[in-house]
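Contents: one structure, followed by commentary.
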Amino acid sequence: MKPFRYEHADTVAAAVTALAEEPEAAYLAGGTNLVDLMRLDVATPEVLIDVRRLTSDRIEELPDGSLRIGAAVPNSDLAADRRIRRRYPVLSQAVLSGASGQLRNLATTGGNLLQRTRCAYFQNVTTPCNKREPGSGCSALEGYQRDMAILGASPSCVATHPSDMAVALAALDATVCVQGAEGGQGPDGELRIPLTELHRLPGDSPERDTVLRRGELITAVELPPPDFTATSRYRKVRDRASYAFALVSVAAALDVADGGTVRDVRIALGGVAHKPWRAWKAEESLRGAPATWDSFRDAAAAELAQAEPLPGNAFKMALARNTVVATLLDLMEAAR
Amino acid sequence: MDVEITLRVDGTDHRLTVDTRTTLLDALRERLGNTSPKKGCDHGQCGACTILLDDRRALGCLALAVAHQGADIVTAAGLVNGGGGEGDGLHPLQRSFIAHDAFQCGYCTPGQICSAVGMLREAAAGWPSAVAKDPNAADVVLDDEEIAERMSGNLCRCAAYANIVPAIADVAHRDEVAAHRDEGARR
């Protein structure tokens with residue numbers, strides 16, 4: 001591990017300024033991904049600015065019924081919160097299906113969003129990787145592809161985003177609150193970014209995971225007031241029953257009218273793209289359609305029509321389709 | 001870069017100078033001579049380094065010592081006498097692991113036991129798991145599936161799981177019986 005200086009900031013503004021001024025500085029929260037990447041020499045900050053006690057570790061209910069989740073809320077507390085479990089069960093389930101009890105106790109809400117891909121080539125400094133070293137090439141194109149993307153990838157990067165939590169947040173229309181050096185439009189110069197727009201597709205600059213600019217700090221995540229989100233769930237398919245990243249995961253919420261047609265639906269996919277993948281096309285195909293196995297399959301097909309699988313992960317096409325259908329059928333069962 | 005820090009470990013404060021790169025795991029083992037947390041993978045994948053940080057289970061290998069000053073750190077060694085043990089001073093989980101022959105080489109055992117201590121507290125607080133049938137249930141029933149899921153962050157290369165799960169279940173169910181008894185006594 002490269003030597004580094006450890007610093008505290010007293011306020012969010014001071015942390016933002018400190019990081020903006022230090023070219024080789026990084027924020028430290030729970031550290032469960034960053035410390036590992038530093039040990040692997042993938043991350044080589046010269047200064048760590050500890051922000052774990054700077055942002056809120058509470059989940060606050062706002063007057064309109066929204067929930068504001070402080071960036072320092074541990075993953076464990078988020079998953080255990082009674083309001084989250086009752087109003088947005090998909091979020092609790094997604095968090096609980098990620099990592100282990102020990103990791104969830106340290107990992108934070110903000111840090112979870114900013115964790116890096118677990119692509120084996122990204123984490124191995126002896127192999128080419130455009131995300132780690134722009135221009136060096138993508139080893140996965142001719143290599144191990146089981147964990148790679150089928151949607152929205154580019155010739156320079158086929159890595160997937162590893163978060164389960166972010167997939168549920170994408171389905172729930174969450175908003176990410178950011179404090180930046182430049183200031184923003186909200187109170188206290190807060191920037192507000194829809195979660196579905198926080199993470200980027202790789203294009204030809206896969207070294208950038210998100211749209212955040214240097215120094216910007218996530219301070220909270222907001223969930224809009226609950227609607228039909230109480231009927232929501234997370235389904236994750238992986239190579240072992242627990243403590244593994246998703247091959248494919250689905251976060252979904254479903255609202256079926258009395259006549260049996262889909263009034264509204266939200267679907268997001270994990271394990272398939274460089275970002276949590278909101279399945280807008282599948283949703284569009286389902287609204288107003290009968291809530292049946294056939295419609296669910298057609299909706300999944302509509303989303304996956306734009307997929308470009310690699311030889312080593314073509315199985316994800318059927319897996320994603322079947323997991324979408326199974327999750328929606330589960331929700332039909334739950335609503336009955 | 002060296003920094004002077006204070007760590008509270010198993011009830012005792014220690015003042016020491018460490019390089020900022022030092023993890024809690026290395027500080028405990030290499031600097032304080034407490035070798036009960038083990039270094040397995042050193043990447044947060046095996047759970048052998050599990051300790052309790054302010055009563056919550058956590059991985060010592062991914063926690064920088066400099067970032068956890070002021071935390072109450074408890075290791076498997078510190079559970080002896082402090083965990084409501086009787087006679088031999090062992091924590092009930094430690095005694096149960098012995099009674100159930102819940103280890104072979106024993107390398108993962110201190111991490112398993114610290115993890116189980118934290119896990120039982122989480123279940124008692126009503127925290128759900130990924131295998132919960134009803135995520136909104138008020139109480140957690142720790143059947144074998146729940147225990148396996150909640151303990152999935154601790155790997156055992158000897159595959160002693162067949163005895164680890166019953167060792168934990170035994171203590172969990174004794175706690176449940178005790179909780180019901182206490183509740184009955186209060187009525």
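The values are calculated or read from the model by the stated rules, or taken from the named source; none is laboratory data. Just so we're clear, the structure is a prediction, and the values are computed from it rather than from any experiment. Glycine also receives a Cβ, built like all others from the backbone with ideal geometry; neighbour counts cover every protein chain displayed. For accessibility, only protein heavy atoms count, side chains too; no ligands or nucleic acids. Shrake-Rupley method; radii C 1.70, N 1.55, O 1.52, S 1.80 Å.
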Is it the case that A:GLN145 is of a type in the set (S, T, N, Q) and within 14 Å of chain B (Cβ to nearest Cβ)? no
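Can you name the residue in region A:297-308 that is out of contact with any strand residue (DSSP E or B) (no Cβ under 9 Å at 6 or more places or on another chain) and touching a residue at least 24 places away in the same chain (Cβ under 8 Å) and is also surrounded by the fewest Cβ atoms within 10 Å (Cβ to Cβ) among such residues?
Within region A:297-308, the first condition is being out of contact with any strand residue (DSSP E or B) (no Cβ under 9 Å at 6 or more places or on another chain), and the residues that meet it are A:297-298, A:301-302, A:305.
Filter once more, so that each one left must be touching a residue at least 24 places away in the same chain (Cβ under 8 Å): A:297, A:305.
Details: A:ARG297: 15, A:ALA305: 8.
So the residue we want is A:ALA305.
So which residues in region B:51-62 are within 15 Å of the chain's Cα centre (by Cα) and within 24 Å of B:GLU4 (Cα to Cα)? Lay out the reasoning, then the answer.
As a first pass, look at region B:51-62 and keep what is within 15 Å of the chain's Cα centre (by Cα): B:51-61.
Passing the criteria: B:ILE51, B:LEU52, B:LEU53, B:ASP54, B:ALA58, B:LEU59, B:GLY60, B:CYS61.
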Is it fair to say B:GLU122 is in a helix (DSSP H, G or I), under 20 Å from B:CYS49 (Cβ atoms) and within 18 Å of the chain's Cα centre (by Cα)? yes
State yes or no: is B:VAL131 open to solvent by 10 Å² or more (accessible area, probe 1.4 Å) and within 11 Å of chain A (Cβ to nearest Cβ)? yes
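Listed here are the residues, each with its yes/no results for (1) in contact with a Leu (Cβ under 9 Å, 6 or more places away or on another chain); (2) farther than 15 Å from A:ALA168 by Cα.
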| residue | (1), (2) |
| --- | --- |
| A:ALA230 | no, no |
| A:TYR234 | yes, no |
| A:ARG238 | yes, yes |
| A:SER242 | no, yes |
| A:VAL248 | yes, no |
| A:ALA253 | yes, no |
| A:ASP258 | no, yes |
| A:THR261 | no, yes |
| A:ARG266 | yes, no |
Taking the criterion of being within 12 Å of chain B (Cβ to nearest Cβ), within 16 Å of the chain's Cα centre (by Cα) and open to solvent by 40 Å² or more (accessible area, probe 1.4 Å), would at least one residue in region A:86-95 satisfy it? yes
Restricting the search to region A:3-37, which residues are more than 8 Å from every other protein chain (Cβ to nearest Cβ), surrounded by fewer than 23 Cβ atoms within 10 Å (Cβ to Cβ) and either of a type in the set (Ser, Thr, Tyr) or more than 17 Å from A:ILE218 (Cβ to Cβ) (or both)? A:GLU7, A:HIS8, A:ASP10, A:THR11, A:THR17, A:GLU21, A:GLU22, A:PRO23, A:GLU24, A:LEU37
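Suppose we filter B:ALA102, B:ALA167, B:ALA172, B:ALA162 for residues that are surrounded by 21 or more Cβ atoms within 10 Å (Cβ to Cβ) and farther than 27 Å from A:LEU106 by Cα; which single one remains?
So the residue among B:ALA102, B:ALA167, B:ALA172, B:ALA162 that is surrounded by 21 or more Cβ atoms within 10 Å (Cβ to Cβ) and farther than 27 Å from A:LEU106 by Cα is B:ALA102.
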Across (1) open to solvent by 60 Å² or more (accessible area, probe 1.4 Å); (2) under 21 Å from A:TYR6 (Cβ atoms); (3) not in a helix (DSSP H, G or I), B:ILE51 clears everything bar (1)
Among the numbered criteria (1) aliphatic (A, V, I, L, M); (2) outside any loop (DSSP other than H, G, I, E, B); (3) without any contact (Cβ under 8 Å) to a residue 12 or more places away in the chain; (4) assigned by TED's automatic domain parsing to the domain that holds B:ALA167, which single criterion is violated by B:ALA67? (4)
Among what's in region B:2-22 and is of a type in the set (Val, Ile, Thr) and in contact with a strand residue (DSSP E or B) (Cβ under 8 Å, 6 or more places away or on another chain), pick the residue that is farthest from the other protein chains (Cβ to nearest Cβ). B:VAL9
Among what's in region B:23-45 and is at the interface with chain A (Cβ under 10 Å from one of its Cβ atoms) and open to solvent by less than 30 Å² (accessible area, probe 1.4 Å), pick the residue that is farthest from A:ARG118 (Cα to Cα). B:THR23
I'm told B:THR12 meets every condition in (1) free of Cβ contacts under 8 Å to residues at least 60 places away in the same chain; (2) crowded, with 23+ Cβ neighbours inside 10 Å except one. Can you identify the failing condition by its number? (2)
Selection count, region A:145-155, where residues are open to solvent by 20 Å² or more (accessible area, probe 1.4 Å) and under 30 Å from A:THR108 (Cβ atoms): 4
Given the condition over 21 Å from A:THR32 (Cα atoms), among the polar types (S, T, N, Q), modelled with pLDDT of 95 or more and out of contact with any helix residue (DSSP H, G or I) (no Cβ under 8 Å at 6 or more places or on another chain), answer yes or no: does some residue in region B:76-92 qualify? no
